[in-house]
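Take a look at the structure below.
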Amino acid sequence: MEDAKLPKGWCLASIADVSIKGAQRKPVQDETFNYIDIGSINRDSKRIESPQCLLGKDAPSRARKIVNTGDVLVSLTRPNLNAVAYVPAKYDGQIASTGFEVIKALLVDGHYIFALTRSKHFIDSISGVVQGALYPAAKSIDVQTYEFPLPPLAEQKVIADKLDTLLAQVETTKARLERIPEILKTFRQSVLAAAMSGKLTEEWRNQNEYKDNVLQDIHDEKKIWLDKNSDHNEVKRILRRLKDSSKVIKYKNDKLPETWLWSQLEDSVLMIVDCHNKTAPYAEKGTPLIRTSNIRDGKFVWENLRFVSDETYEYWSRRCPPEPGDIMFTREAPMGEAAIIPPKHKLCLGQRTMLIRPIEKYVPAKFLLIALMDPNFRKRSEGIAVGTGVKHYRVGDVSNLLIAVPPTEEQTEIVRRVEEVFAFADNIEKKANAALERVNSLTQSILTKAFNGELTVDWRASNPELISGDNSAEALLEKIKIERDMIKKQPKPKRSAVERNKGSRMSRKIIKVVDALKEAGKPLSGQQLLAAAGYPSDSSTDQLERFFLDIREAMAIEKSIVKLKRSDDGQDWFTLPGTVEAKKS
């Protein structure tokens with residue numbers, strides 16, 4: 001944004017213009033501290049989550065940067081991922097990785113700076129200067145030299161408050177939209193369970209009487225097929241299965257409608273054929289090889305496909321080449337996934353997959369897929385799975401998995417109703433995903449409006465005195481320069497004293513100066529306030545900087561304390577606003 005286009009009272013500034021350099025230290029051997037590394041930042045919520053609690057002797061070499069309440073952490077590693085966070089009070093005085101740039105805002109609103117680091121312009125700016133191929137990283141100077149529009153201090157707070165409200169609403173909306181796919185998944189599971197228990201077609205069944213014996217029809221159809229395909233590789237297996245398929249299956253745990261029957265899976269289809277149990281040699285192109293990872297939720301996953309040559313396909317499919325309308329079924333990693341081979345597709349069975357060939361006119365593939373996806377089918381089937389680590393079905397056990405088989409006409413009605421309801425759910429999910437995409441872009445849209453002044457147009461018109469003169473952004477920059485110079489002039493303690501007392505400093509509780517004044521109940525001199533706030537008499541440079549920064553923020557930004565006229569000994573005295581001493585001053 002050019003100066004000419006900035007709102008009244010704004011100016012351009014760099015991060016270095018509005019911040020001070022943070023301190024570093026090596027943790028003491030026996031101290032306990034929270035270590036904030038890159039992995040501690042939740043990139044979605046932009047919060048510090050579960051930092052490591054370490055002893056100083058176990059601290060990694062990168063644990064060096066001291067952080068305080070209100071600091072902003074910016075990960076320099078892979079800055080395009082935007083691992084940034086605002087340091088809350090509970091992590092005050094803790095240690096962060098040197099992989100962060102720690103922005104210590106001086107006399108500007110830390111929440112405004114934090115919001116700035118979330119903007120696309122900031123991300124793109126520091127991502128465009130990264131170095132390194134394996135671990136692309138920006139440098140500290142890339143963050144410090146970043147230029148941005150700086151509003152007057154009062155307007156910064158208004159913008160930060162508006163952003164808190166608006167972005168919280170965006171996150172709430174986003175969270176609700178992100179839950180919809182899981183809700184719909186549960187809904188689809190309940191539909192499948194209703195379909196395979198007979199509840200989905202209960203009314204239809206009362207109006208339509210069909211009592212055909214589907215399993216007997218399949219038994220007869222298999223005999224016809226055997227007569228016509230006596231040279232097929234699976235003839236002997238089908239013959240053996242026919243001899244054992246006359247028994248009636250009873251399953252006591254689930255009650256079926258009167259016209260339905262229990263059946264073992266292979267007795268309700270033409271055949272079940274196992275894959276060639278060996279990893280097929282891959283080719284750059286050829287026939288797609290369907291591995292277990294390529295089947296999910298009743299569909300084929302066409303991404304990350306592997307291919308086999310024609311020669312490999314012929315050998316791997318020698319028992320029974322898969323055809324459109326067949327079902328591919330996984331028996332491991334994960335077990336129980338299934339999908340129907342679509343028209344005009346030539347596919348090869350991968351390892352740990354099986355082919356199920358239905359008899360379409362009696363038990364259609366679409367109904368069979370519904371039966372295999374039924375959550376109750378999966379619960380029943382888990383009982384026969386084996387394996388101590390990764391559960392799987394043995395080849396022979398797949399043939400004996402139990403499914404419920406209604407009359408063929410009712411199967412057709414079940415398929416129609418399930419497809420109708422699933423289409424409705426798919427439409428909702430599509431709309432939810434489109435809405436989520438719009439919401440994801442909304443955050444950056446709001447941030448853009450914030451940093452070009454659009455969110456506070458009315459506020460500026462109503463508060464001209466808060467954006468001009470001594471309250472302008474340019475005047476604020478001058479105040480920051482003065483404050484920075486004052487901090488630099490503060491005396492530094494001797495190194496020996498610092499090292500000798502470092503452990504005790506970490507164990508003392510440091511509180512805000514406003515809280516120290518409240519506890520004291522009377523005005524305090526600067527030296528008294530230092531002690532009352534919990535700082536040791538030989539405070540380190542970082543502690544003194546923190547103390548003076550706390551005083552200045554409490555006076556200039558929060559207006560929670562006031563400075564009294566200097567006493568005869570030249571000391572500054574401080575008190576709470578509204579006290580008798582404050583009114584006299």
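The values are calculated or read from the model by the stated rules, or taken from the named source; none is laboratory data. The structure displayed is predicted, hence computed values, not measured ones. Backbone-built Cβ (ideal geometry, glycine too); neighbour counts: all protein chains shown. Keep in mind that these areas ignore ligands, DNA and RNA; they rest on the heavy atoms of the full protein, side chains included. Shrake-Rupley method; radii C 1.70, N 1.55, O 1.52, S 1.80 Å.
Of note:
- Net lengthening on full extension, LEU442/ARG240 (0.36 nm per residue, minus Cα-Cα): 66.4 nm
- 0 to 90° range, to nearest 10: angle between helix 473-488 axis and the chain longest Cα axis: 70
- Space enclosed by the convex hull of the alpha-carbon atoms of the chain, per residue, Å³: 242
- Taking Lys and Arg as +1 and Asp and Glu as -1, the other residues whose beta-carbon sits under 12 Å from that of ALA283 total -1.
- The apolar share of the surface of the chain, taken as the fraction of accessible area on carbon and sulfur atoms (1.4 Å probe, ligands and nucleic acids excluded), comes to 50 percent.
- With 10 Å bins beginning at zero, the pair-distance distribution over Cα atoms of segment 138-239 amounts to 10, 14, 15, 16, 11, 9, 9, 12, 4, 0 %.
- For segment 332-409 versus segment 3-72, the gap between their alpha-carbon centres in whole angstrom: 53
- Along segment 208-224 the Karplus relation, 6.51 cos²θ - 1.76 cosθ + 1.60 evaluated at θ = phi - 60°, assigns HN-Hα couplings of 9, 9, 10, 10, 5, 9, 4, 5, 5, 4, 5, 4, 5, 5, 5, 5, 4 Hz to successive residues, with x for each Gly and Pro.
- Averaged per residue, segment 1-155 has 43 square angstrom of accessible surface, using a 1.4 angstrom probe with ligands and nucleic acids left out.
- Computed P(r) (all Cα pairs; segment 1-135; 5 Å bins; percent): 2, 10, 19, 21, 20, 13, 8, 4, 2, 1, 0, 0
- LYS563 paired with ALA175, simple spin-label distance in nm, labels 7 Å along Cα-to-beta-carbon: 4.3
- Cα shape, segment 195-303, gyration tensor, a/c 1.5 rule: oblate
- The HN-Hα couplings worked out from phi for segment 325-335 by the Karplus form 6.51 cos²θ - 1.76 cosθ + 1.60 (θ = phi - 60°) are x, 6, 10, 9, 10, 9, 10, 6, 6, x, 8 Hz, whole numbers, x standing for Gly and Pro.
- Straight-distance candidates among the aspartates and glutamates for linking to LYS46, with alpha-carbon spacing under 16 Å and chain neighbours fewer than 8 residues away dropped: ASP37, ASP71, GLU101, ASP164, GLU171.
- In the context of the full set of protein chains, residues of segment 437-490 present 60 Å² of accessible surface per residue (probe radius 1.4 Å, heavy atoms only).
- Rounded, prolate or oblate (a/c below 1.5 giving rounded, otherwise prolate when a/b exceeds b/c) for segment 444-495 by Cα gyration tensor: oblate
- Flagged links, alpha-carbon separation over 31 Å, of LYS489/LYS518; LYS479/LYS518; LYS174/LYS559; LYS199/LYS299; LYS5/LYS162; LYS65/LYS512: LYS174/LYS559
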